[in-house]
Amino acid sequence: MGTDAVRTGETGFAAHYPAFTDRFRGSEEEISRRLEVYLPDVDRFVAGGGVLDLGPGRGEWLRMLAARGVDAVGVDADPMFAAAARARGLRVEVGDLLDHLRTVGDGTLDLVTAFHVVEHLATDELLAVLAQARRALHPGGGLILESPDPTNLAMGACNFYLDPTHRRPLPPALTEFLVTTSGFTDAQIRRLHPREQVDLSTLRLDGVDEATGRLVGAALTAALFGPQDYAVVAVAA
């Protein structure tokens with residue numbers, strides 16, 4: 001996932017990106033489990049118009065959609081990912097996601113998804129993608145964008161930069177703003193994938209009263225062990 005912004009060549013980091021994904025993204029089984037949270041959105045939005053997945057990478061989401069009988073197509077810039085997906089019977093085209101979106105007919109899609117893609121794009125590129133996604137979706141169609149959550153301090157300060165193709169972290173409020181100003185409504189921010197089941201609310205600090213200590217502990221729990229990712233889910237107006 002999120003590979004559309006990565007250009008593949010014989011040399012350079014792009015040639016290593018599939019191995020990077022296997023090591024740092026998580027196993028295909030783990031990612032599939034995480035994606036199950038979006039299946040109610042498929043039931044909500046998909047009614048025969050189909051799904052376009054931007055930057056499908058290893059194709060976990062496309063496989064889940066195929067298992068539910070959903071007509072779905074992916075577009076990815078990495079020929080290696082696309083070839084592997086096609087070998088599994090998935091429909092994945094090689095190309096630039098914005099160029100592909102421009103070829104999609106007006107109001108023909110039920111759902112556009114992009115998991116760990118938007119953080120690879122410059123702001124103007126993201127706005128162009130959002131504009132084309134809105135045009136390609138029928139009114140009432142859905143948009144799902146998932147991205148690393150920089151409000152988790154470990155993610156925002158360190159783990160985000162494991163991927164050198166990332167441009168910069170996108171705060172959830174900014175992504176939600178860009179979505180809602182691009183012709184979408186009913187935008188929801190969903191916080192996802194807390195790092196660990198850690199609760200520091202019982203933290204006790206010398207010279208700090210118990211109530212304040214609980215507040216500090218709760219803040220540390222959220223900041224250090226809270227959601228690693230977030231999603232913005234919105235409806236085409």
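The values are calculated or read from the model by the stated rules, or taken from the named source; none is laboratory data. Everything numeric here is computed off the predicted structure, so don't read it as measured data. Cβ coordinates were reconstructed from backbone atoms using ideal geometry, including for glycine residues, and neighbour counts include every protein chain displayed. Note: accessible area is taken over every heavy atom of the protein model, side chains too, but ligands, DNA and RNA are not part of it. Shrake-Rupley method; radii C 1.70, N 1.55, O 1.52, S 1.80 Å.
Details
- Taking only protein heavy atoms and a 1.4 Å probe, the accessible area of the chain is 55% carbon and sulfur.
- Within the chain: Cβ-based charge dipole about Cα centre, in debye rounded to nearest 20 (Lys, Arg +1; Asp, Glu -1): 160
- Beta bridges per DSSP, both residues in the chain: antiparallel share near 45 percent.
- Solvent-accessible area per residue for the chain (1.4 angstrom probe, square angstrom): 46
- Considering only Pro171, Asn159, Thr185, the residue lying farthest towards the positive end of the dipole of the stretch 125-198 is Thr185, judged by Cα position with unit charges set on Cβ.
- Net charge dipole size for the stretch 64-202 [Lys, Arg +1 and Asp, Glu -1 on Cβ; Debye, nearest 20]: 180
- Computed over the chain, the per-residue total of -39500 (n - 2.57) for DSSP H runs of n ≥ 4 gives a 222 nm mean residue ellipticity of -11000 deg cm²/dmol, rounded to 500.
- The figure for Val198 is an accessible area of roughly 40 square angstrom, using a 1.4 Å probe on the protein chains alone.
- Rounded to whole numbers, the Karplus 3J(HN,Hα) couplings from phi for the stretch 206-221 are 4, x, 10, 5, 4, 5, 5, x, 5, 5, 5, x, 5, 5, 5, 4 Hz, using 6.51 cos²θ - 1.76 cosθ + 1.60 with θ = phi - 60°, and x at Gly and Pro.
- For the stretch 29-46, the Karplus equation 6.51 cos²θ - 1.76 cosθ + 1.60, evaluated at θ = phi - 60°, returns couplings of 5, 5, 5, 4, 4, 5, 6, 4, 4, 8, 4, x, 5, 4, 4, 6, 9, 7 Hz by residue, with Gly and Pro reported as x.
- Point-to-point label distance, Cys158-Met80, nm (Cα→Cβ direction, 7 Å offset): 2.7
- Placing R0 at 41 angstrom, the Cβ-Cβ distance between Ser32 and Leu205 gives a FRET efficiency of 0.50 after rounding to 0.05.
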